[in-house]
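Student: The structure's right below; bear with me while I get my questions together.
Derivation of every value follows stated rules applied to the coordinates shown; laboratory data play no part. Keep in mind that what you see is a predicted model, and the values were worked out from it rather than measured. Note: ideal-geometry Cβ built from the backbone for every residue, glycine included; neighbour counts use all protein chains shown.
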Amino acid sequence: MIWIRIFLLSLAVTLAAECFLAWVLGLRTRKDQSLVVLVNLLTNPAVIYLSLLGSRFVGPSGRGWVLIGLETAAVLTEAFIYSRWLDWDQIPACTVAGRLGRIRPGRAAVALSLILNAGSYGAGELLELVLS
């Protein structure tokens, strides 16, 4: 039962943080926001599950390395999806995402994914501090 709460809380924080950040960066259409949600439905549960599982095997001291590996995999997976399915030309050029997309969609997708994941990770860490 506790794992379900962990998954749901983590997913809720991630979706709130990343959808908000994506909107601030310029991804404001329903299609773009839906993609952010779908991408996180794909990666967040896997990262949380593997993080909890990995922590049991490596202990608290190795948890950081496990998280770095998992977050890197999530960023790359999300960047691949964003590079393929975001319509970078439709994002307003006056926004951060719009400016990034004018450079190169592949690099823009990696930058976008890093920003969104850093924001949601930070929100999760902040929430953990508040709740503990």
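Student: Expressed as an acute angle from 0 to 90° and rounded to the nearest 10, what is the orientation of the C-alpha long axis of helix 30-85 relative to the principal long axis of the chain?
Tutor: The helix 30-85 is inclined about 20 degrees to the chain.
Student: Points 7 angstrom from Cα along the Cβ direction at residue 67 and residue 24: gap in nanometres?
Tutor: Spacing of the two 7 Å Cα→Cβ label points: 2.0 nm.
Student: Now for a different question. If you line up the long axis of helix 2-25 against the longest principal axis of the chain, both from Cα atoms, how many degrees apart are they, to the nearest 10?
Tutor: Helix 2-25 and the main axis of the chain meet at about 20 degrees.
Student: Quick one: length gained pulling residue 37 to residue 6 fully straight, 0.36 nm per residue minus the C-alpha distance?
Tutor: Numbers: separation 31, 0.36 × 31 = 11.16 nm, distance 1.80 nm.
Additional length available on full extension: 9.4 nm.
Student: Further, regarding this structure: Just how large is the dipole of the chain about the Cα centre, in debye to the nearest 20, putting +1 at every Lys and Arg Cβ and -1 at every Asp and Glu Cβ?
Tutor: Working: 11 positive and 8 negative charges, 41 e Å.
Roughly 200 debye, rounded to the nearest 20.
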